[in-house]
Structures are given as C-alpha cells and as structure tokens.
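The values are calculated or read from the model by the stated rules, or taken from the named source; none is laboratory data. Treat the numbers as computed from the prediction; the structure is a model and nothing was measured. All Cβ positions, glycine included, derive from the backbone under ideal geometry; neighbour counts span all protein chains shown. To get the accessible areas, we keep the full protein, side chains included, count just its heavy atoms, and leave off ligands, DNA and RNA. Shrake-Rupley method; radii C 1.70, N 1.55, O 1.52, S 1.80 Å.
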Amino acid sequence: MIKGVRGRVDHPMIDLNSIKIIFFDIGNVFVSDDPSGCFAYKCLYDRLVAEGMEISVEEFFRLRVEHMIDGGNLWTFVSRYVPEAEFKTWQSAVRAQMYREWSRLSPAISSMDKVPAALAPYYRLGIIANQPGEVEAVLAERNLLQHFEVLAISDKLNLHKPDPAFYQWAVDAAGIQPHEALMVGDRIDNDVRPAKHIGMRTAWLRLGYEGRGWLPETDFELSYAAGSDSIAACEWEPTSPEEEPDIIATTAEELLAALTPTGSNAPS
C-alpha cells in the first residue's frame, strides 16, 4: 500500500498496466459536499426555530457532533426532530430545493479539475457516485463530463453506495473484470470497502477540509465548518484489511503521481 504524504508520493504497489478503467466518486473528489450538507442543516434549524424551539446555532451543532460521534448521519439527525409521518415529505422537499441549486451547492474542488484530462491518455474513465441526475449538467458546465465513458449515477440507476451491486453494474457496463478497475473515492465505507469487495483496486483521496476548498461565509456556515472535519465520514480510518486502500493520496498532485504510468509502467 502507498500512503500519500504532502509533497511526496511513493510508487503504488500495483501494476498500473493491469488497470483499464479508473472510476471516480464526485462528492469531495470533484465537488465539495460541505455546502449541500450545510444547506440541509440550515433547513432543519430554520424549521425548529419557526416551531418555537429555543436553540442557538452553537447548541444545534453541538448536538449534531454528539449524534455523529454516536454513529448517526445527517438524515438520522433530522429524524430526531421531524416526526416520522412528515419525514419523507420534508426530506423530499429539501432535496428538491437542493437539486435545483446543485451547481451552487456543489462548488468545484479546483485542484481536481485537471485530473481527468491528465489521466485520459492512459486509462478509460468513469463515475460511480451517490448523486442526483442533475450532477451531469454540473460536470458538463465545468468541462468534465466529456472525459467519462461510464456514468453510474445513483439516482438514475436506483442503486446506491455502499451496495457492491452498484460497483458491479459499473464494471459490467465497462465490459471489464473487477481487477481491471480502480476506484478513487473519499470514503472508506462508501468507496474503498465495497469496491474491494468485488475485486477492484482502490485509491482513497483524503483531501481534508482545507483541501476541499469551501470557504464558509455566514455565521451558520462557520459554525457548521467548525466541527465538521473531526466527524466527517471521509476522515474515518480503515478498521480492517477489507478496508485498506491500495493508494492513499492527500492532494490531486499526489493522486496523479500515483496513477500516472512512468518508466516501465508507461504504455508502449
């Protein structure tokens, strides 16, 4: 396994010539997930205040951090405050509003925008991502969509991570065997583990909060950001051999250094 260290990357212990296609996640790889997550929390906070609940932003996010540490996520946190009979309707309404503003709520991670073009001479490229269909337009407007041959978008296929069947669908669509594919993602649980489960090689792109490049502006956004990195799912470490990635990179430059064939690995 190779571990990325800022400013230095060792060569991965995998034969790059055996890789025919590289699949990428989208969230926290090409776009920051932080603004959309913050948007959903703001919708919940505004609802609670409108209902007469006296809670400060600081207390709201303290409760959120506690919930995440206990193994919760955004929607299980929401379910603590939105009655079960209303939950799905409220969730659908919030998501619909998010998706209408998906470009604004999914700002580009600028350091990653040149990666597909740099790798395209060596590999076929694809996407495996939990995203709404609207993300294709976002990728197109940012001149990224053209590089990807296989598009496995969860809401269009009704398949979602971490279901290994989602990864198998993408591999089958590419017409290759799992060991001929490599998955680049930001999460051990959603990307590395299920991809390894079906026999793919894996790269964990661990950009960190600063590397994702989102700059909070409002007091609410600043409070969200203050506690996010320590509890973000993309920071969860591997806990077993089944979760160990082949490559760990902490910058776009490290990822390219690990995946660009050189010397004996270069195509003839």
- Note on the structure: Sparse-neighbourhood loop hits (trypsin sites (Lys or Arg not before Pro), region 108-144; DSSP loop; Cβ within 10 Å at most 15 others) -> 114, 142
- Within straight cross-link reach of residue 114, meaning Cα distance under 14 Å, which aspartates and glutamates are found once same-chain residues fewer than 8 apart are removed? 253, 254
- Task: Starting at the first residue of region 49-58, write each ³J(HN,Hα) from the Karplus equation 6.51 cos²θ - 1.76 cosθ + 1.60 with θ = phi - 60°, in whole Hz, x for Gly and Pro.
- Result: 5, 5, 7, x, 6, 8, 8, 7, 4, 5
- Task: Can you work out the accessible area per residue across region 52-155, with the rest of the protein chains kept in place, probe 1.4 Å, in square angstrom?
- Result: 52
- Message: Could you sort the peptides 69-81, 183-195 by per-residue average Cβ neighbour count (10 Å cutoff), highest mean leading?
- Response: 183-195, 69-81
- Message: Considering only protein heavy atoms and a probe of 1.4 Å, how much of the accessible area of region 1-150 is carbon and sulfur, as a whole percent?
- Response: 51
- Task: Write down Rg/Rh for region 1-157, rounded to two decimals, with Rg from the C-alpha atoms and Rh from the Kirkwood relation over Cα pairs.
- Result: 1.06
- Message: Just to be sure I understand: if I project the alpha-carbon convex hull of the chain onto a plane and average over all orientations, what area do I get in nm²?
- Response: 14.4
- Query: What percent of all Cα-Cα pairs in region 66-191 falls in each 5 Å bin, counting up from 0?
  - Reply: 2, 9, 15, 19, 20, 16, 9, 7, 3, 1, 0
